[in-house]
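The structure appears below as structure tokens.
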């Protein structure tokens, strides 16, 4: 018997809007939260790589998590990560402050728990030290963040975490259906749910038991992913899967600048400024490609929604 009441479906990895003065733009963030909810999300993943968490101060990360949780007003669950430091002591402090914001789950970054090349044994040892410092009553999860290096959970590590009963959410970025299958096998019947970030493997993973989608394209094609994750068993969803997979190649353009530009076209009062890269990278050709994406998205929504 599990007690995981996190819904399946779409969990966008939230963007952080900035003002022209490079401050967090809370008016735009409020509009963004409302856009997500109006477009049918199941939950929100705040303070993640798409939020530019490695380029936010601890004060900003905490403030964003608290703001999003308060803005949502219990309409959907909110989860947040945000331990970006290298030292154990700093990570514990970061995690405790995020936990105190009242988010529904605290998400641990898998690459923060061991250095690249260190063994699963070292990783588990460090995880247990972290767990001993965190409140027992807060739900936890994992995010296989690709930066500064991607640490994909093995079957054995996932099994230990699932059986601990403390973990509820896993944002999988393996892009490897075999790895996803192993995670689904060892987490079956536990609190741990797997949310796939990769569109190309999403349909197969949903059929095998994945709970939903938590990826970049929910910042642009949110409603379509909601339809897809809700009705993936229908035959016509194969065609939608193919379309979404090709559209997802836009991720390699100049994200998250392009996502902010897309949302501008949706009417959100958002600058294209980011802290991770210059918005001058959004060339006129890229803007034309984004216009095609928006047109295709609208036409596909008319067909499926």
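Would you please name the residue that is nearest to residue 199 (Cα to Cα), looking only at residues in region 1-51 that are assigned to a loop (DSSP other than H, G, I, E, B) and without any contact (Cβ under 8 Å) to a residue 24 or more places away in the chain? Ranking the candidates gives 5 first. Against the definition (assigned to a helix (DSSP H, G or I), closer than 17 Å to residue 79 by Cβ and within 18 Å of the chain's Cα centre (by Cα)), how does residue 98 come out, yes or no? Taking the combined requirement at face value, the residue satisfies it. Looking at region 253-264, can you tell me whether even one residue there is closer than 20 Å to residue 9 by Cβ and in contact with a helix residue (DSSP H, G or I) (Cβ under 6 Å, 6 or more places away or on another chain)? Scanning region 253-264, I find at least one residue that is closer than 20 Å to residue 9 by Cβ and in contact with a helix residue (DSSP H, G or I) (Cβ under 6 Å, 6 or more places away or on another chain), so the answer is yes. When region 258-290 is filtered for residues that are part of a helix (DSSP H, G or I) and over 20 Å from residue 34 (Cα atoms), the ones remaining, listed by number, are 279, 280, 281, 284, 285, 286, 287, 288, 289, 290.
Any chance region 113-127 includes a residue that's modelled with pLDDT of 95 or more, under 19 Å from the mean Cα position of the chain (by Cα) and under 25 Å from residue 4 (Cα atoms)? Yes: one or more hits.
Out of all the residues in region 186-205, is one or more touching a helix residue (DSSP H, G or I) at 6+ places or on another chain (Cβ under 8 Å), farther than 25 Å from residue 242 by Cα, at pLDDT 95 or above and part of a helix (DSSP H, G or I)? Checked against the condition, which is being touching a helix residue (DSSP H, G or I) at 6+ places or on another chain (Cβ under 8 Å), farther than 25 Å from residue 242 by Cα, at pLDDT 95 or above and part of a helix (DSSP H, G or I), region 186-205 yields at least one hit. For residue 138, the criteria (1) under 22 Å from residue 88 (Cα atoms); (2) touching a strand residue (DSSP E or B) at 6+ places or on another chain (Cβ under 6 Å); (3) not in a loop (DSSP other than H, G, I, E, B) hold in every case but one, which is (3).
Yes/no matrix, rows are residues, columns are (1) touching a residue at least 60 places away in the same chain (Cβ under 8 Å); (2) within 21 Å of the chain's Cα centre (by Cα):
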residue: 227; (1), (2): yes, yes
residue: 230; (1), (2): yes, yes
residue: 235; (1), (2): no, no
residue: 251; (1), (2): no, yes
residue: 260; (1), (2): yes, yes
residue: 278; (1), (2): no, no
residue: 285; (1), (2): no, no
residue: 288; (1), (2): no, no
residue: 299; (1), (2): no, no
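The values are calculated or read from the model by the stated rules, or taken from the named source; none is laboratory data. Just so it is clear, the model here is predicted, and its values are computed rather than measured. Here Cβ is always computed from backbone atoms with ideal geometry, including for glycine, and neighbour counts include all displayed protein chains.
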